[in-house]
1. Looking at the square roots a ≥ b ≥ c of the eigenvalues of the Cα gyration tensor of the stretch 309-374, which shape do they give, rounded for a/c under 1.5, prolate if a/b is larger than b/c, or oblate?
2. Sketch the reach of a paramagnetic label on TRP438 as a point 7 Å from Cα along Cα-to-Cβ, and name the residues of the stretch 409-424 whose backbone nitrogen lies under 18 Å away.
3. Express in whole angstrom the spacing between the alpha-carbon centres of the stretch 1-20 and the stretch 358-390.
4. Can you check what the Kirkwood hydrodynamic radius comes to for the stretch 250-426, Cα pairs only, in Å to one decimal?
5. Would you mind putting 376-388, 265-277 in packing order, based on average other-beta-carbon counts within 10 Å, highest first?
6. Hey, how much of the P(r) for the chain falls beyond 34 Å, as a percent of Cα pairs?
7. Using alpha-carbon positions, what is the distance between the centroids of the stretch 166-198 and the stretch 27-60, in Å?
8. For the stretch 241-320 and the stretch 72-114, what is the centre-to-centre distance using only Cα atoms, to the nearest Å?
Amino acid sequence: MLIVILAAGKGTRMQSAEPKVLHQVAGRSLLGHVIAAAVAADAQSVAVVIGPDMDAVRKEATRCAPAPAIFVQTNQRGTADALLAARPALAAHHGDVVVLFGDTPLLTPATIAAAQAGLTAADIVTVGFDAIDPTGYGRILTDVQGGVLAIREHKDASEAEHRVTRCNSGVMAFRSERMLEVLDAIGNANAKAEFYLTDAVEIGRTKGLRVSYVMTSETETQGINDRAQLAGVEADFQARKRLDVMTGGATLVAPDTVYFSHDTVIGRDVVIEPFVVFGPGVSVGDNVTIRAFTHLVGADKKLNTGAKIGDGVELGPFSRIRPGTVLGKNVHVGNFVEVKGAVLEEGAKANHLSYLGDVRVGAKANIGAGTITCNYDGFNKHSTDIGAGAFIGSNTALVAPVKIGDGAIVGAGSVIVKDVAADALAVTRAPHDERPGWAAKFRTMMARRKKS
C-alpha cells in the first residue's frame, strides 16, 4: 500500500508564520500524527505532497517517516492537483493507494486499514461519517442500493443535497490500475475553479468503476483550519488518551486536568493527582504517585533522551522533571524540586526546594532542602556525582565537576568545590561569630541618629 499525504496548505486562518501541519497536538505535529497512523497501518511506502518553500515541512516528514518521497505542488489548484504532484510515485506503484490529509491528527490506523480493505470489492473507496452539522463538508450522495454516486462539495451542492448529513472525510483509497486515468479526467468547473479529488467518484462511475464507502466517526476525521479547531482536536485527543490510561489501570483523580503527550506511557496502579502535565518522551512505571501541579518532559529540541520514572516513585506536588531524567525504584522527588539530566538511584530522596542537573545520585542518598548542583559555568555543562547513602545538608551548593563519595556527609550551608571522600564530613561554612549585646547597642545608636 502506498499512502500519499497531502500537506501543501499554508493554513492562513491559523494566523501563523508556521505551516499549518507543523502545529502540534499533544506534543507532536499534525503531520507527525498522520504519518504515524500511516506507518502503523503497514504502508509499504509514504509520499508527502508539500507546497513551495516548505523546507520545514520537508524536514518534519523526513524525520517522522522512513524514507518518504517528497513532492511539491507548485500551484495551489485543489486536492486532485495536489495528488497529481505525486504522479511519479503513483505511476511506479502497483497496488493500493490511500490518500490522507496532513491536518487530521486523530485519524487511526484502523480506519486506514478499513479503507484499503474496501478495495477488495471496489475500485475507489471513500471514508464517510455522519455529521451533526454538515455545513462546509462534501456530501456523499448514494443511490437507493447504497452505492456511491458522487461526492458533492458544499458550495456546489443543491438545496436538497445540503440536507444530506453523510459526509466525506477526505480519506480515499484507489486501486492503482486506472487511478491516473481517473485523476487526469478531473476538471475544475466548480464554484472554486479547483480540481477536486472528490470528483474522482463520479468520473470513476462513468468509466464503469465500482465505488463504495466505509464509515468512521466525525471526531476521528476532524481537520484543522484555525486555532479554535486546533484546541478542539487537542481536547478530543486528551479525552481519548485519558480513557486509555484509566482503562490500563491508572487512577486520574481529576481526569480533565491532566494533559498527556502523544507518547506518554503510564504503568498500572499509578495515581495522578490534578493539574499534572506530561510533555513528550515520558514513561512511568507501576505503583507511582504523581502529586498535583507536577510537570514532566522527557524530550525537547536539545535533549531527546526521554525521562523514565521507575516503580514506586513519588513525585510532587510542584515537581519539575526535565529531559534526560531517570528515577529509580522508590525514589522521592518532592515539592519545588527540578531535575534535569539526572539519574537518581533506588531509594534516593530530594524532598524540597532543590535543583539537580547533570548529576548521579546514588541509592538511598538524601538531598537536603535548598541544595543545587552548579552545573553550568556560562559556557559548558559539568557533572556531579553523589555516592550511595550520602547526606547533603540543606542550602548546599555543589560546584561541578565534583564527586561526593559513598556515605559522605556535607554540612548544611556548604559550598563544595572539591571532591569529598567516602564516609567523610565536609563543611565549608564560616565559623560562628557572636557579639553579646551588639544588636541592642546598634538600635540605640540608630535611634539617636534619627532624632538628631
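1. rounded
2. Flagged as within label range: none.
3. What the calculation gives is 44 Å, centre to centre.
4. Its Kirkwood hydrodynamic radius stands at 16.0 Å.
5. The peptides rank, most packed first, as 265-277, 376-388.
6. Of all Cα-Cα distances in the chain, 49 percent exceed 34 Å.
7. Cα centroid to Cα centroid, the span is 21 Å.
8. So the separation of the two Cα centres works out to 35 Å.
Only the coordinates and a few stated rules stand behind these numbers; no lab work does. It should be emphasised that the depicted structure is a prediction, and the values quoted were computed from it without experimental measurement. With ideal geometry, Cβ positions are generated from the backbone for all residues, glycine too; neighbour counts draw on all protein chains shown.
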